[in-house]
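Notes follow the structure.
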Amino acid sequence: MYLKSLKIYNFRKFGMDNNKIEFVDAKSFQEQRSEKEINIAPTTTLIVGKNNCGKTTIIKALDNLINNKDAFKANDFNFLYLKKLLDQYEQAILKLDDESKERIETPYLQFNIGIGIEDNSNDLVTNLVRFMKLDDINNSELEIGIKVELENEEVFIRDVKKLLEKNHNSSIRFSGFLELINNSVFKTNYYNADNDKIDNFNIKNLIELRPIKANNIESEKCLSKAFSKIIEYRYKSLFGEEGNDLNSKISDINEELTKLISEKHTHSINESLGEIESNEKLKVLLRADLTFQKVMNNLIKYEYVERDMNIPENQFGLGYTNLMMIIADLIDYMEKYPENSFNSKVNVISIEEPETFMHPQMQELFIKNINEAIASLLKSKNKNVNSQLVITTHSSHILNSKIHSGNTFNNINYVTIKNHHTHVVNLHDDIIIPKSETNTHKREDDLKFLKKHVKYKVSELFFSDAIIFVEGVTEETLLKYYIDSNDKLNKYYISVFNIDGAHGIVYHDLIKALKVPALIITDLDIKRADKEKESFKQISGLKDRLTTNETIKKYNGGSDRLEELQHEKFEIENVYIAYQGKIKGYYATSFEEAFILTNYENELLNSVLEKMKPKIYEDITGENKNLNNIKENSYKFQRKLSNNKSDFANELLYKFIIETEETRIPSLPQYIDSGLSWLTKKLEGEK
């Protein structure tokens with residue numbers, strides 16, 4: 001058995017849709033126990049996303065359901081849901097008769113837990129029998145519905161009516177509504193797939209959850225305390241609470257110390273007191289009070305070794321301390337892991353944001369470090385540990401490690417905000433690179449490329465507010481300047497990635513799945529005959545012109561005919577693809593040419609062109625520096641700059657930065673400017 005899925009309704013930022021989290025089982029983790037090396041990356045569920053999007057909420061929901069079922073309060077309800085509910089009450093409740101009241105929805109939270117049942121397993125499904133139907137005998141999954149519901153709906157509706165009659169201010173009404181929910185009694189009910197209520201069931205008897213909070217460094221001696229607790233548990237498990245050899249020794253020490261204290265101190269103190277007041281009225285007893293618990297609390301002094309020197313734990317770096325605290329929690333979990341739960345319970349370990357205090361390299365190696373820690377623990381334990389591991393993170397390095405080590409995008413839940421609600425995207429290789437019966441080999445190559453390229457280049461797209469794909473170093477360098485100078489866009493985390501169109505197209509399905517606003521800036525890539533290249537022919541029309549750009553061909557119905565293009569863009573869902581239109585009478589075939597055509601009269605651009613290519617600049621503009629000739633020779637400039645694009649971009653950027661007059665800065669080509677305007681609307685709309 002294993003936790004297969006969790007659907008969350010109305011809890012905090014979760015609404016009614018896009019609310020399913022998928023988990024990977026521990027099957028392959030178990031199969032690796034006999035192998036030389038254990039790799040938990042493929043069997044680790046990763047929950048990734050930006051801050052404040054709902055990652056922690058997922059673990060909190062499970063923790064409340066399993067370990068703190070009475071912990072739900074008004075603040076745990078989705079406020080948009082509650083406001084909508086209160087609006088309905090305001091519209092109707094004052095006029096309702098008894099028959100209509102039965103149709104009114106009262107506030108509730110709902111969680112649907114999917115349990116996977118593996119074929120030929122030894123799992124004891126006693127806890128699940130009441131949720132099964134005859135049809136489920138050969139089914140690999142069943143669902144348990146959990147609702148946190150009002151115990152007395154009639155009393156609640158009556159109190160809401162009083163609240164509405166008494167208060168007319170909307171904010172006061174809502175505050176009163178929250179208070180009313182907090183003061184109401186809720187109960188947790190369980191339902192099968194047919195919505196039949198199942199009594200006398202507790203989810204804790206089926207699922208064991210061990211949450212590990214990464215940021216749990218409470219004091220300078222937290223490691224000593226953590227390992228003292230582990231050793232105490234080990235000792236008690238070996239010798240029991242009472243009657244062990246240590247307790248006997250502690251008793252002897254107390255007796256001996258008490259006798260010594262009495263001889264050296266107690267007797268003389270009481271003699272002195274006797275001079276003041278009779279010992280029958282005033283007498284003291286000093287005795288030793290050493291206990292097993294006190295010994296254990298102060299048993300361990302944690303030190304780390306550096307070049308044969310023992311360094312106190314308060315000098316241990318926060319990153320290493322954090323990692324050791326996680327490992328200490330894992331050791332504690334392994335120690336207390338009950339043998340009898342192996343076949344009767346689903347066991348889940350969650351680690352929340354382990355990257356806290358860790359530098360990037362340590363984050364990248366985190367999964368490997370945890371691999372080795374678990375492998376080492378398993379070697380020393382004769383236990384059937386079949387726990388599922390769930391990690392929440394906003395670290396691109398941990399995400400890289402998961403994709404690279406596991407060689408897959410599977411079992412990654414991407415959490416974002418859409419329309420003010422948490423939106424979960426369950427990533428899978430088949431979603432990112434859809435299967436194609438006619439091109440299986442290319443799909444495998446594309447998937448292999450994407451896994452590697454994400455690791456080395458663009459994993460930040462999972463944590464960005466928006467992303468921009470470009471095809472060259474010039475636009476990559478300059479766009480970052482223009483975005484930073486934009487009063488609206490510079491408030492967002494926008495990542496710019498440089499990848500050519502032929503390979504960039506591999507990202508398109510991933511971008512659509514993530515729902516992140518994406519601006520793709522690509523080139524017309526007009527196909528020219530060799531003679532046209534040699535003569536630097538300017539192109540003023542697209543009739544009979546073809547493109548070599550794979551992105552344009554894909555979204556132009558598979559056609560490479562440029563004259564069929566209706567606009568300077570393609571807009572598909574959250575993706576905007578911008579390319580060059582006619583600029584100053586000509587069609588540019590690259591960003592550099594489009595930039596030159598747009599700004600051919602700009603003084604700053606001219607100074608850079610003259611510096612980069614002085615002889616060519618002189619030949620084109622002549623003695624009179626006819627700037628119109630630059631427009632007529634934009635393609636020639638592009639060709640001559642083709643081997644110096646990085647220098648061209650950096651020289652422009654230098655001029656931009658030292659320029660004091662904003663009006664002298666060249667303008668972006670219209671197709672890019674339109675794309676940035678679209679991006680602004682998308683981001684402002686999301687806000």
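The values are calculated or read from the model by the stated rules, or taken from the named source; none is laboratory data. Treat the numbers as computed from the prediction; the structure is a model and nothing was measured. All Cβ positions, even for glycine, are placed from backbone atoms using ideal geometry, and neighbour counts span all protein chains on display.
Residue check: residue 659 meets all listed conditions (1) more than 15 Å from residue 481 (Cβ to Cβ); (2) among the acidic types (Asp, Glu); (3) in contact (Cβ under 8 Å) with a residue 12 or more places away in the chain but one, namely (1).
Against the test of being more than 28 Å from residue 433 (Cα to Cα) and hydroxyl-bearing (Ser, Thr, Tyr), the options 555, 507, 482 yield a single qualifying residue, 482. Annotation: of all residues in the range 457-473 being surrounded by fewer than 23 Cβ atoms within 10 Å (Cβ to Cβ) and among the β-branched types (Val, Ile, Thr), the one that is farthest from the chain's Cα centre (by Cα) is 473.
For residue 449, are the conditions met, namely being in contact with a His (Cβ under 8 Å, 6 or more places away or on another chain), surrounded by fewer than 17 Cβ atoms within 10 Å (Cβ to Cβ) and at pLDDT 80 or above? So residue 449 passes the test.
Each residue in the range 25-50 was checked for being at pLDDT below 85 and either in a loop (DSSP other than H, G, I, E, B) or under 30 Å from residue 82 (Cβ atoms) (or both), and 8 pass. As a summary of the residue check, residue 177 satisfies the conditions (1) more than 31 Å from the chain's Cα centre (by Cα); (2) farther than 18 Å from residue 107 by Cβ; (3) crowded, with 16+ Cβ neighbours inside 10 Å; (4) at pLDDT 80 or above except for the one numbered (2). In the set (1) touching a Phe, Trp or Tyr at 6+ places or on another chain (Cβ under 7 Å); (2) on the phi > 0 side of the Ramachandran plot; (3) not basic (Lys, Arg), residue 635 fails one condition alone, (2).
Here residue 441 does not fit the description of being at pLDDT below 95, more than 19 Å from the chain's Cα centre (by Cα), within 23 Å of residue 418 (Cβ to Cβ) and in a helix (DSSP H, G or I).
Considering (1) over 18 Å from residue 671 (Cβ atoms); (2) within 37 Å of the chain's Cα centre (by Cα), the lone condition that residue 536 does not fulfil carries the number (2). Checking each residue in the range 447-498 for being of a type in the set (Gly, Ala, Ser) and either within 18 Å of residue 400 (Cβ to Cβ) or in contact with a Cys (Cβ under 9 Å, 6 or more places away or on another chain) (or both) picks out 459, 464, 495. Restricting 465, 500, 523, 484 to those that are over 23 Å from residue 677 (Cβ atoms) and charged (D, E, K, R) reduces the list to 500.
Checking each residue in the range 484-498 for being in contact with a strand residue (DSSP E or B) (Cβ under 6 Å, 6 or more places away or on another chain) and among the hydrophobic types (A, V, I, L, M, F, W, C) picks out 494, 496, 497. May I ask you to list the residues in the range 620-665 that are basic (Lys, Arg) and within 16 Å of residue 475 (Cβ to Cβ)? Matches in the range 620-665: 645 only. Please count how many residues of the range 562-583 are among the hydrophobic types (A, V, I, L, M, F, W, C) and without any contact (Cβ under 8 Å) to a residue 40 or more places away in the chain. Number of matching residues: 3. The helices (runs of 4 or more DSSP H) found wholly in the range 614-668 and carrying at least 2 residues that are more than 49 Å from the chain's Cα centre (by Cα) and among the aliphatic types (A, V, I, L, M) occupy 614-621. Within the range 43-68, the residues that satisfy the criterion of being in contact (Cβ under 8 Å) with a residue 24 or more places away in the chain, in contact with a helix residue (DSSP H, G or I) (Cβ under 8 Å, 6 or more places away or on another chain) and within 22 Å of residue 181 (Cα to Cα) are 65, 66, 67.
The residue pairs whose first member lies in the range 482-499 and is touching a residue at least 24 places away in the same chain (Cβ under 8 Å), whose second member is of a type in the set (Ser, Thr, Tyr) and part of a helix (DSSP H, G or I), and whose beta carbons are closer than 8 Å, counting only pairs six or more residues apart or on different chains, are 486/680; 488/680; 489/680; 499/507.
Can you find even one residue in the range 338-348 that is part of a helix (DSSP H, G or I), surrounded by 12 or more Cβ atoms within 10 Å (Cβ to Cβ), modelled with pLDDT of 65 or more and among the β-branched types (Val, Ile, Thr)? No; the residues of the range 338-348 include none that is part of a helix (DSSP H, G or I), surrounded by 12 or more Cβ atoms within 10 Å (Cβ to Cβ), modelled with pLDDT of 65 or more and among the β-branched types (Val, Ile, Thr).
Listed by first and then second residue, the pairs linking a residue in the range 71-94 that is in the same structural domain as residue 109 (by TED's automatic domain parsing) and under 18 Å from residue 162 (Cβ atoms) to a residue that is among the β-branched types (Val, Ile, Thr) and in a helix (DSSP H, G or I), with Cβ atoms under 6 Å apart and 6 or more places separating them unless they lie on different chains, are 74/181; 89/160. Considering only the range 237-252, I want to know if a residue exists there that is surrounded by 12 or more Cβ atoms within 10 Å (Cβ to Cβ), modelled with pLDDT under 80 and closer than 30 Å to residue 370 by Cβ. No, because not a single residue in the range 237-252 is surrounded by 12 or more Cβ atoms within 10 Å (Cβ to Cβ), modelled with pLDDT under 80 and closer than 30 Å to residue 370 by Cβ.
Comparison of 540, 590, 559, 607 shows that the only residue that is assigned by TED's automatic domain parsing to the domain that holds residue 645 and free of Cβ contacts under 8 Å to residues at least 24 places away in the same chain is 559.
Does the range 419-439 contain at least one residue that is on the phi > 0 side of the Ramachandran plot and surrounded by 21 or more Cβ atoms within 10 Å (Cβ to Cβ)? The answer is no, given that none of the residues of the range 419-439 is on the phi > 0 side of the Ramachandran plot and surrounded by 21 or more Cβ atoms within 10 Å (Cβ to Cβ).
May I ask you to verify whether residue 610 is within 22 Å of residue 482 (Cβ to Cβ) and surrounded by 13 or more Cβ atoms within 10 Å (Cβ to Cβ)? Here the answer is no, as residue 610 does not meet what is asked.
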